[in-house]
Amino acid sequence: MSELTFEQMLEESLKTIHTGEVVEGTVIDVKPEEIILNIGYKSDGILTKNEYTNEPNVDLTTVVKLGDTMEVKVLKVNDGEGQVILTYKRLAADRGNKRIEEAFNSKEVLTAKVTQVLDGGLSVIVDEVRIFIPASLVSDTYEKDLTKYAGQEIQFVISEYNPKRRRYIGDRKQLLVAEKAEMQKKLLESIHVGDVVEGVVKNVTDFGAFIDIGGADGLLHISEMSWGRVENPRKVFKVGDEVKSFIKEISGTKIALSLKFEDANPWKDAESKYSVGSEVTGRVARMTDFGAFIELEPGVDALLHVSQISKEHIEKPSDVLKTGDEVTAKVVDFNNEDKKISLSIKAMLAPEPEAEKEEDAVSVDVDAVISAEEAQTVVE
């Protein structure tokens, strides 16, 4: 019986490996782009960065060290140069598929770092399985620019699992919706009409501003932004502004806010400031065919009827006045309950007989006038 040579004995002592087999290896060398493993075979195994992970910009020297052991899968027993080509990420992906399937079935909340920001959404990796989160499922509000998520850790659930097509879809939106619903419920249970709340402007429209007050959005209507007149909410507020307001009304999940704090109500001491017979100065805020509304201070308008502008006959106020003009007139009527003040320039021009004064001193129902004016605008 012939004796085996040393080389033959060495070869027989080494195991046989096959493509697709899972083997354990020990790191005997590591470079930024490549790991060399002793897998107990006649040739060492080569594990490149591309076969280690799907994550870009990884320096392999930072993730493994000499002497580490790891399980890998054999891609090629011989790459043509006698080297064994290994993969770690594909083995991890096989196991990751099972992990993702379990998470899909159990609705488990997963956490992963965003590895790529794409045109249509975000890409994350869980156990070497790439999961796509469409832009429509990233947030509960529309976000045009998703770059802020790059490198961030986010939470999501798997909404679609299709390993045959390698289609794995994540959904972050439903978590945010559920979280906000819970926050809204708690907030509505704790707030009351009249409470002063602080919030941040989320959106500004032509009719008002939506303010996040910590779990729910409240509407600050244009009419509640000031005791004075606000022409355009966008000139007063911008997204991100911090606002302190009070709750005016709660109707179901709808919250109405106001900035018209009572201690700043300009009508509080108006009766003494604008008593009948006193002379006042203001600016023309707007005009109609029957008169001009004079802003005496923000929130306090008075009506200067066309018949009280001059002793001469005037067809309409715009014949002699324009918006922004400063006007000095006498208060001829004050109604604190209905918040109405009537002015007269005519009464200042020269003393008149008492009977004529009573006839000329016009008190106009401002609310009725405004309603009629708005109705006429609709008709036009």
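Within the stretch 231-246, how many residues turn out to be surrounded by fewer than 15 Cβ atoms within 10 Å (Cβ to Cβ) and either in a strand (DSSP E or B) or within 18 Å of the chain's Cα centre (by Cα) (or both)? Give the steps one after another, and end with the answer.
Restricting attention to the stretch 231-246, the residues satisfying the condition of being surrounded by fewer than 15 Cβ atoms within 10 Å (Cβ to Cβ) are 231-232, 234-235, 238-242, 244.
This time we only want the ones that are either in a strand (DSSP E or B) or within 18 Å of the chain's Cα centre (by Cα) (or both), so: 234, 238-242, 244.
Matching residues across the stretch 231-246 total 7.
Taking the stretch 294-305 as the range and being open to solvent by 20 Å² or more (accessible area, probe 1.4 Å) and outside any loop (DSSP other than H, G, I, E, B) as the test, the residues that pass are GLU295, LEU296, GLU297, ASP301, HIS305. Of the residues making up the stretch 207-226, those that are within 17 Å of MET183 (Cα to Cα) and in a loop (DSSP other than H, G, I, E, B) are ILE213, GLY214, GLY215, ALA216.
Against the condition open to solvent by less than 40 Å² (accessible area, probe 1.4 Å), part of a strand (DSSP E or B), aromatic (Phe, Trp, Tyr) and farther than 30 Å from LEU37 by Cα, how does TYR168 come out, does it pass?
On the way: open to solvent by less than 40 Å² (accessible area, probe 1.4 Å): yes; part of a strand (DSSP E or B): yes; aromatic (Phe, Trp, Tyr): yes; farther than 30 Å from LEU37 by Cα: yes.
Taking the combined requirement at face value, the residue satisfies it.
Would you mind stating whether ASP119 is closer than 19 Å to PRO56 by Cβ and among the charged types (D, E, K, R)? Judged against the criteria, ASP119 is a match. For the stretch 334-362, filtering for residues that are at pLDDT 60 or above, more than 19 Å from ASN265 (Cα to Cα) and loosely packed, with under 12 Cβ neighbours inside 10 Å leaves 3. Of the residues making up the stretch 247-293, those that are open to solvent by 40 Å² or more (accessible area, probe 1.4 Å), more than 24 Å from GLU231 (Cα to Cα) and hydroxyl-bearing (Ser, Thr, Tyr) are SER251, THR253, SER272, SER275. Taking the condition open to solvent by 10 Å² or more (accessible area, probe 1.4 Å) and either of a type in the set (Phe, Trp, Tyr) or in contact (Cβ under 8 Å) with a residue 60 or more places away in the chain (or both), does VAL84 pass? Criteria not met by VAL84. For residues that are assigned to a loop (DSSP other than H, G, I, E, B) and surrounded by 10 or more Cβ atoms within 10 Å (Cβ to Cβ), tally how many sit in the stretch 310-333. Total satisfying the criteria: 9.
Tallying residues that are open to solvent by 50 Å² or more (accessible area, probe 1.4 Å) and either more than 27 Å from GLY199 (Cβ to Cβ) or more than 17 Å from the chain's Cα centre (by Cα) (or both) within the stretch 171-189 yields 4.
Out of LEU75, LEU110, LEU122, one residue alone is modelled with pLDDT of 95 or more, surrounded by fewer than 20 Cβ atoms within 10 Å (Cβ to Cβ) and hydrophobic (A, V, I, L, M, F, W, C). It is LEU110.
Each row is one residue, and each column tells you yes or no for (1) free of Cβ contacts under 8 Å to residues at least 60 places away in the same chain; (2) closer than 27 Å to LEU296 by Cβ; (3) within 12 Å of the chain's Cα centre (by Cα).
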{"site": "VAL197", "(1), (2), (3)": "no, no, no"}
{"site": "ILE213", "(1), (2), (3)": "yes, no, no"}
{"site": "GLU224", "(1), (2), (3)": "yes, yes, no"}
{"site": "ARG229", "(1), (2), (3)": "no, yes, no"}
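Before we move on, is LYS202 assigned to a helix (DSSP H, G or I) and touching a residue at least 12 places away in the same chain (Cβ under 8 Å)? Taking the combined requirement at face value, the residue does not satisfy it. If the condition is being in contact (Cβ under 8 Å) with a residue 40 or more places away in the chain and of a type in the set (S, T, N, Q), then the stretch 267-300 contributes SER275, SER278, THR281, THR288.
When the stretch 45-63 is filtered for residues that are buried (at least 16 other Cβ atoms within 10 Å of the Cβ) and either touching a Gly at 6+ places or on another chain (Cβ under 6 Å) or among the charged types (D, E, K, R) (or both), the ones remaining, listed by number, are GLY45, LYS49, GLU51.
Go through GLU249, GLU271 for me and flag whichever is of a type in the set (Asp, Glu) and in a strand (DSSP E or B).
Values: GLU271 fails: in a strand (DSSP E or B).
Testing whether each residue is of a type in the set (Asp, Glu) and in a strand (DSSP E or B) leaves just GLU249.
The values are calculated or read from the model by the stated rules, or taken from the named source; none is laboratory data. The structure presented is a predicted model; accordingly, all values stated were derived computationally and were not measured. No Cβ is skipped: glycine too gets one built from the backbone with ideal geometry, and neighbour counts run over all protein chains shown. For accessibility, only protein heavy atoms count, side chains too; no ligands or nucleic acids. Shrake-Rupley method; radii C 1.70, N 1.55, O 1.52, S 1.80 Å.
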